[in-house]
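What follows is a single structure, written as structure tokens, with notes after it.
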Amino acid sequence: MNVLLLGSGGREHAIAWRLAQSPLLSKLWIAPGNAGTDTLGENVPHVVPTDTEEVRALAERVRADLVVVASDDPLAAGVVDAVNAAGIAAFGPTKAASEIEWAKSFANDLMARAGINTAANRTFDDPDTAAAYARSLGGPCVVKADGLAAGKGVTVCDTTEEAVAAIDAALRGHAFGASGHRVVIVERMYGREVSAHAFTDGVTVQHMPFSCDHKAIFDGNRGPNTGGMGVYSPPAWLSPEHAEAIRRDVTERAISAMAEIGRPFSGVLYPGVMVTATGPRVFEYNARFGDPETQVLLPKLRTDLLAIFDACAHGRLADVPVEWDDAASVGVVVASEGYPGPVQSGHLIDGLEDVDADVQVFFAGAKRGESDRIVTAGGRVLCVVAQGPTMEDARAKAYENVRRIRFPGAQYRTDIGATASEPLVFTQG
Ligand code: AMP
Ligand code: GLY
């Protein structure tokens, strides 16, 4: 099969790495791709993955049998619909199905209809009415831009004043552009977060192992939020009962509800779940693989990824048994100095050749410089991923290899996976 993969992040490097191992693959193109994908297939730089016409034309030119859409913006732009209209199969949900991620108000309505446990919420477009509602809550709440905002549209507030400031920033200051023309004000939940992922063709659901992201920049979950500084899988603290409740009442129920309303969802559904004192509650649905969750999950996949993608795209997932390794897997993101603020790029990355053969390095903000040497080119530069029989083995191996990779100003968290076995305790709510 000829496959066109859209994107340029660490997630796409990991997907390309698994696709390149598939006996079903004839040729892989990655648009635009990065410094890691160019050894696995042919990068097509200068393509804008959200430009539906450009992507359709490229898919036709390379005679793609399958287009893989793994990131939120191209899904929301309707790339899957455009490719399908040209008679080419795509892995990923349609624009209408991915609304579960790109409009929080849509996801909230769906959850209400399907009886899925989430935080109490209300949607507003008028700042005064929104502020009056926030005041009526009299304390902690969460203010969310309704649309996609690159992970920056959510403000977790301790006080009414913070909430009113966040409402004003979105509805009066237009801090999130069109994504923030409506805000959703949400009850604040307390607990521990877990990422659920599942493959689906709209009917059959194949769950992936659970994983946990670390969104704050510094150890101990301090400092501003980032795109994700590291992930571990599996979380030993998640009870089998809670795991089963998430699979059944959060993931499968949402996929059934999407089919019922005439928007069958195929691709990867990734619910973000807070495990609270009263059980698992959803805080968001994503219509795609997580980043960096993908980098940590895919090394554990035993089944051919391309066979799974193809089956999802053609409604045949029931024919493909999806199997996973039960090893522990840990991924540590190495970022540029200053991230998540502005960073300097162009630093030579040393030590890549010293990484163990069974450890993966997935590139994100990295490109080829002079003499083909890889240099930094963004905030999150790369993710080092290792597996082991226990979480401690996987952690030790990941960090041993992280320390071999050097560039000026490199920063990473030293506690990824450190609390994977700590029991779940509730201090509030
Ligand atoms: P989201 O963009 O919806 O993933 O939210 C980003 C982060 O905000 C999540 O990872 C949570 O840590 C936090 N968050 C979102 N919704 C809530 C909520 N209702 N209560 C507490 N924290 C939340
Ligand atoms: N790991 C967070 C995300 O992909 O949304």
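R0 = 41 Å: FRET efficiency of residue 316 with residue 358, Cβ-based, nearest 0.05?
Numbers: r = 32 Å, r/R0 = 0.79.
After rounding, the FRET efficiency stands at 0.80.
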Counting other Cβ atoms within 10 Å, which trypsin sites (Lys or Arg not before Pro) in region 244-337 have at most 15 and lie in a DSSP loop?
302, 316
If one computes the Cα centroid of region 380-406 and of region 146-167, what distance in Å separates the two points?
34 Å
Of the options 262, 41, 208, report the single residue whose Cα projects farthest towards the positive end of the charge dipole of the chain (beta-carbon charges: Lys, Arg +1; Asp, Glu -1).
262
Please report the Cα spread of region 48-185 along all three principal axes, rounded to whole Å, starting with the longest.
58, 34, 21
Assuming 0.36 nm per residue, please report the length gained on full extension of the stretch residue 190 to residue 302 beyond their Cα-Cα distance.
36.8 nm
Where Cα atoms sit under 18 Å apart: lysine pairs in the chain separated by 8 or more or lying on different chains:
7
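Net charge near residue 171: determine it from the other residues with C-beta under 13 Å of the C-beta of residue 171, scoring Lys and Arg +1 and Asp and Glu -1.
Details: positive: 144, 172, 182; negative: 125, 126, 128, 146, 168.
So the surrounding residues net to -2.
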Taking neighbour counts of Cβ atoms within 10 Å as a proxy for exposure, in what order, fewest first, do 337, 53 appear?
53, 337
Report, in whole Å, the centroid distance computed from the Cα atoms of region 37-53 and region 315-333.
25 Å
Just the projected area, averaged over all directions, of the convex hull on the alpha carbon atoms of region 9-114: how many nm²?
7.5 nm²
Can you tally the net charge around residue 209? Count Lys and Arg as +1, Asp and Glu as -1, for every other residue whose Cβ sits under 14 Å from the Cβ of residue 209.
-3
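What FRET efficiency, computed as 1/(1 + (r/R0)^6) with R0 = 22 Å and r the Cβ-Cβ distance, is obtained for residue 73 and residue 261, rounded to the nearest 0.05? It would help to have the intermediate numbers written out before the result.
Numbers: r = 23 Å, r/R0 = 1.07.
Once the sixth-power term is evaluated, E becomes 0.40.
How much length is gained if the chain between residue 225 and residue 414 is pulled fully straight, taking 0.36 nm per residue apart and subtracting their Cα-Cα distance, in nm to one decimal? Spell out each step's value before the answer.
Working: separation 189, 0.36 × 189 = 68.04 nm, distance 1.61 nm.
Extra length available between residue 225 and residue 414 comes to 66.4 nm.
Considering only the other residues whose Cβ falls under 12 Å of the Cβ of residue 311, what net charge follows from Lys and Arg at +1 and Asp and Glu at -1?
Details: positive: 316; negative: 201, 304, 310, 319.
Once positives and negatives cancel, what remains is -3.
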Stretched out fully, how many nm does the piece from residue 239 to residue 113 gain, at 0.36 nm a residue minus the Cα gap?
42.7 nm
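For the chain, what mean projected area does the convex hull of the alpha carbons give, in nm²?
Values: hull surface 78.5 nm².
Reported value for the Cα convex hull: 19.6 nm².
Every read-out reported here was derived from the displayed coordinates using simple, explicitly stated rules and does not represent laboratory data. On a predicted model such as this, the values are computed, not experimentally measured, just so you know. Cβ atoms come from the backbone with ideal geometry, glycine included; neighbour counts cover every protein chain shown.
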